[in-house]
1. For the condition free of Cβ contacts under 8 Å to residues at least 60 places away in the same chain and in a helix (DSSP H, G or I), what is the one hit in 154, 105?
2. Out of segment 47-89, which residues are in a loop (DSSP other than H, G, I, E, B), surrounded by 15 or more Cβ atoms within 10 Å (Cβ to Cβ) and in contact (Cβ under 8 Å) with a residue 12 or more places away in the chain?
3. Sort through 28, 14 and tell me the only one that's at pLDDT 85 or above, over 26 Å from residue 114 (Cβ atoms) and assigned to a helix (DSSP H, G or I).
4. Scan segment 122-132 and give yes if some residue there is within 18 Å of residue 33 (Cα to Cα), in contact with a strand residue (DSSP E or B) (Cβ under 9 Å, 6 or more places away or on another chain) and without any contact (Cβ under 8 Å) to a residue 40 or more places away in the chain, otherwise no.
């Protein structure tokens with residue numbers, strides 16, 4: 001005689017959200033630490049402003065192994081955020097919401113971490129190269145752009161997760 005599997009009980013939203021925030025904040029801090037190291041490798045002083053986009057790309061070209069390494073790290077970060085989003089919910093809406101929430105928390109924590117560790121960015125108007133996959137001049141933006149987008153991702157992500165329940 002076979003017994004039908006029982007439905008897995010849904011975890012309460014508060015503890016799930018707290019775990020997502022903790023994971024994403026930890027990832028954001030780790031990302032900031034890695035970027036401090038990358039800045040040292042490409043010759044940027046402790047609190048030095050980012051050079052313009054052409055200057056950043058020239059520094060990356062001077063170390064041919066660095067661009068594919070950094071692109072691989074960025075891809076791995078997205079995979080990690082997606083995997084946690086997948087584990088956090090059962091529906092596509094909840095999973096997307098968890099991914100968006102984590103992405104937003106991760107990105108804001110990243111900039112807070114850089115500011116705490118090296119004093120950069122000095123202001124939200126400082127420019128940054130946001131991603132290297134795919135390389136594009138569209139990714140060179142003032143820091144307020146990803147912070148604003150991240151706030152929207154967090155709000156939208158939490159809304160999606162709540163509606164999925």
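1. Working: 105 fails: free of Cβ contacts under 8 Å to residues at least 60 places away in the same chain.
154 is the lone residue from the list that is free of Cβ contacts under 8 Å to residues at least 60 places away in the same chain and in a helix (DSSP H, G or I).
2. As a first pass, look at segment 47-89 and keep what is in a loop (DSSP other than H, G, I, E, B): 47-52, 62-65, 89.
Applying the additional criterion that residues be surrounded by 15 or more Cβ atoms within 10 Å (Cβ to Cβ) yields 50-51, 89.
50, 89 - these are the residues of segment 47-89 that are in a loop (DSSP other than H, G, I, E, B), surrounded by 15 or more Cβ atoms within 10 Å (Cβ to Cβ) and in contact (Cβ under 8 Å) with a residue 12 or more places away in the chain.
3. Values: 28 fails: over 26 Å from residue 114 (Cβ atoms).
Going through 28, 14 in turn, just one is at pLDDT 85 or above, over 26 Å from residue 114 (Cβ atoms) and assigned to a helix (DSSP H, G or I): 14.
4. Yes, segment 122-132 contains a residue that is within 18 Å of residue 33 (Cα to Cα), in contact with a strand residue (DSSP E or B) (Cβ under 9 Å, 6 or more places away or on another chain) and without any contact (Cβ under 8 Å) to a residue 40 or more places away in the chain.
Residues are listed down the side, and each one gets a yes or a no for (1) at pLDDT 95 or above; (2) buried (at least 18 other Cβ atoms within 10 Å of the Cβ):
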position	(1), (2)
112	yes, no
115	yes, no
129	no, yes
137	no, no
154	yes, yes
163	no, no
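The values are calculated or read from the model by the stated rules, or taken from the named source; none is laboratory data. Because the structure is predicted, anything quoted here is derived from the model rather than measured. A quick note on method: Cβ atoms are made from the backbone with ideal geometry, for glycine too, and the neighbour counts reach across all protein chains shown.
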